[in-house]
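Novice: Mind looking over this structure? Questions follow.
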Amino acid sequence: MIRRYFVLIVAVLFVVAALPFTDGQDHAVDRGAEERAIENVLHSVFGWAVTKDFDRFYGAIADDEDFISVTPYDRVKFGIRAVKESAAFWASPDFTAISHDIRDLRIRFSRGGDVAWFYCVVDDYNTWQGKPANWENVRWTGVLEKRNDAWRVVQQHFSWPRAQ
C-alpha cells in the first residue's frame with residue numbers, strides 16, 4: 001500500500017515538473033530555452049575575460065545596486081558601481097584569462113518564471129603576471145532575474161568545499 005502511494009506521488013511530481021510556467025501574463029514559456037539562455041549568461045560571467053569584453057560581463061549581471069557578489073576571499077561587492085571600481089584589475093595586462101568550465105549545473109525557476117536560482121561547479125583558468133591564478137572546483141550558486149526579456153545575475157556566491 002505504501003509503495004502504491006509512493007509511486008503515485010512520484011508520478012504526480014513528474015507531471016507537475018513538466019508543466020510549463022508562464023511569464024506572468026499567461027504566456028507559456030519554453031523551459032528548455034530559458035535554461036539555455038541562463039546557461040549562456042552564466043558562461044558570460046567568466047567567458048568575457050578571455051577577450052576582456054566588459055560589455056559582455058556587464059550585460060550578464062544586474063546593472064544596478066541590486067547586484068551582490070560574494071567571493072571566497074572575504075570580498076563582497078554590493079552593486080554594479082563596486083564591480084566597475086575593480087575593473088582595472090581585470091583590465092590589467094598582468095591578468096590573462098585562459099578558459100573556464102561549468103559543470104553539474106542545476107537551474108530551478110520561480111513559479112512565475114522570471115526568477116531562477118542555480119548551482120554548479122566552476123573551474124576558471126587564469127594567470128597573473130604569467131603565474132597560474134586558477135579557481136578550481138569552486139561551488140557557484142546564485143539568483144537570476146529576467147529583466148526586459150534578458151536574464152541577469154543579481155546575486156552570486158562562490159566557495160570552496162571544506163577539506164574533509
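Bear in mind these aren't lab numbers, they're just calculated from the coordinates by the rules spelled out. Since we're looking at a predicted model, the values are computed, not measured. Here the Cβ positions follow ideal geometry from the backbone for every residue, glycine too, while neighbour counts run over all protein chains shown.
Novice: Find the Cα radius of gyration of region 67-116, compare it with 2.2 N^0.38 Å by division, and give the number to two decimals. Please list the in-between numbers first.
Specialist: Details: Rg = 15.2 Å, N = 50, 2.2 N^0.38 = 9.7 Å.
Output field value: 1.57.
Novice: OK, next. Go through region 57-164 and name the GluC sites (Glu not before Pro) that are in a DSSP coil and have 15 or fewer other Cβ atoms within 10 Å of their Cβ.
Specialist: E65
Novice: Same structure again: Using Cα positions and a limit of under 30 Å, work out the lysines in reach of K146, with same-chain residues fewer than 8 apart set aside.
Specialist: Within reach: K52, K77, K84.
Novice: Here's another thing I want to ask about it. Across the Cα atoms of region 30-159, what radius of gyration and what greatest pairwise Cα-Cα distance (Dmax) are found, in Å?
Specialist: Cα-based Rg and Dmax for region 30-159 come out at 14.4, 47 Å.
Novice: Given Cα pairs under 8 Å that are at least 6 residues apart, what percent is the relative contact order of region 30-159?
Specialist: Relative contact order for region 30-159 comes out at 24 percent.
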